[in-house]
Protein chains: 2
Amino acid sequence: MAMLTQKHNKSECKSQMLPVRDALDILSGKWKLHIIIALSFGNRRFKEMQKEIEGITARMLSKELKELEMNEMIKRTVYDSQPVIIEYSLTQYGQSLNKVIEELHNWGTQHRRRIMRKSK
Amino acid sequence: MAMLTQKHNKSECKSQMLPVRDALDILSGKWKLHIIIALSFGNRRFKEMQKEIEGITARMLSKELKELEMNEMIKRTVYDSQPVIIEYSLTQYGQSLNKVIEELHNWGTQHRRRIMRKSK
DNA sequence: CAGTATCCTGCACGATACTG
DNA sequence: CAGTATCGTGCAGGATACTG
């Protein structure tokens, strides 16, 4: 078909890459997206998340929460009830990732189906 | 607002996470998405990609291309012209990632804008 | 041109123990 | 409960040199 490399615009290509890299920078880390997904189902406390996200350690959860908070993706709220309750929630900004997550989920689902078909 | 944790369905949450993890597994690695984006602008030869993807070494490009090929995201074609030309292209399957990339790009663009506003 | 082969290093992440 | 502190390690990824 396309024996010769098609005419292509390199600067256009690079301008496509930059924002993607930006996005990936925020989302880098093994657990960030999982945390965001968990919170997209409702606010959570530390221990709740730890149970829900299989395999994560307190250390990692703590670390990733901090980074997400710094980037204003999530919010940490302290309720000075008795006993004190600390709750994490998605910010508006964090919610703006839902499209990305949705597409990742869609693709992942298709992909999983494909894998299953093969391995039989 | 939601002082108490909302009622939530944990299994639903986990079923959301699994496919996302699957997707990320394929896309893991610093350069995979960049390679796919480059190829989405047209077929490329090895050296072309290396120039286009800033910072990638031959070693990494080779490695990531191999993995992408194994997962049938890209295709390697040898044209036995004189001299031999080797061309990489996206498969149909690889193209199916365009939605994901588009959303990452959209979000990344927004995010970059936000960052710029802040840093001033 | 289209890659390999070798060697090296940081740090992302895990395990475990501890704290107010 | 909601984390922190410490220590250890694999391996993703870089640098550099080489090959058919």
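In segment B:20-41, what residues are touching a Phe, Trp or Tyr at 6+ places or on another chain (Cβ under 8 Å) and within 7 Å of chain A (Cβ to nearest Cβ)?
Residue satisfying the conditions is B:Ala23 alone.
Any residue at all in segment A:73-81 that's in the same structural domain as A:Lys99 (by TED's automatic domain parsing), over 14 Å from the mean Cα position of the chain (by Cα) and within 11 Å of DNA strand C (Cβ to nearest atom)?
no
Test each condition in (1) in contact with a His (Cβ under 9 Å, 6 or more places away or on another chain); (2) within 16 Å of DNA strand C (Cβ to nearest atom) for A:Ser96 and report the one that comes out false.
(2)
Considering only residues of segment A:70-90 that are outside any strand (DSSP E or B) and in contact with a helix residue (DSSP H, G or I) (Cβ under 9 Å, 6 or more places away or on another chain), which is surrounded by the fewest Cβ atoms within 10 Å (Cβ to Cβ)?
Looking at residues that are outside any strand (DSSP E or B) and in contact with a helix residue (DSSP H, G or I) (Cβ under 9 Å, 6 or more places away or on another chain), I get A:Glu72.
Return the residues of segment B:105-120 that are basic (Lys, Arg) and surrounded by 13 or more Cβ atoms within 10 Å (Cβ to Cβ); say none if nothing qualifies.
Correct list: B:Arg112, B:Arg114.
Would you mind stating whether B:Arg59 is touching a residue at least 40 places away in the same chain (Cβ under 8 Å) and within 11 Å of DNA strand C (Cβ to nearest atom)?
no
Looking for whichever is within 14 Å of DNA strand C (Cβ to nearest atom) and touching a residue at least 24 places away in the same chain (Cβ under 8 Å) here; the options are B:Leu33, B:Leu65, B:Leu24. Which one fits?
B:Leu65
Starting from residues that are more than 10 Å from chain A (Cβ to nearest Cβ) and more than 15 Å from B:Lys32 (Cα to Cα), keep the ones in segment B:77-112 and report whichever is modelled with the lowest pLDDT.
B:Gln82
Could you grab me the full set of residues in segment B:42-69 that are under 16 Å from the mean Cα position of the chain (by Cα), in a loop (DSSP other than H, G, I, E, B) and facing chain A (nearest Cβ under 8 Å)?
Within segment B:42-69, B:Gly42, B:Asn43, B:Ile53, B:Glu54 meet the criteria.
Could you check B:Gly108 against (1) within 16 Å of DNA strand D (Cβ to nearest atom); (2) within 17 Å of the chain's Cα centre (by Cα) and say which number it fails?
Failing condition for B:Gly108: (1).
Restricting to segment A:40-56, name every residue that is in contact (Cβ under 8 Å) with a residue 24 or more places away in the chain and farther than 16 Å from B:Gln16 by Cβ.
Answer for segment A:40-56, where residues must be in contact (Cβ under 8 Å) with a residue 24 or more places away in the chain and farther than 16 Å from B:Gln16 by Cβ: A:Asn43, A:Arg45, A:Phe46.
Where residues in segment B:91-104 are part of a loop (DSSP other than H, G, I, E, B) and touching a residue at least 12 places away in the same chain (Cβ under 8 Å), which of them is surrounded by the fewest Cβ atoms within 10 Å (Cβ to Cβ)?
B:Thr91
The values are calculated or read from the model by the stated rules, or taken from the named source; none is laboratory data. Predicted model only: the values in this text are computed from it and were never measured. Here Cβ is always computed from backbone atoms with ideal geometry, including for glycine, and neighbour counts include all displayed protein chains.
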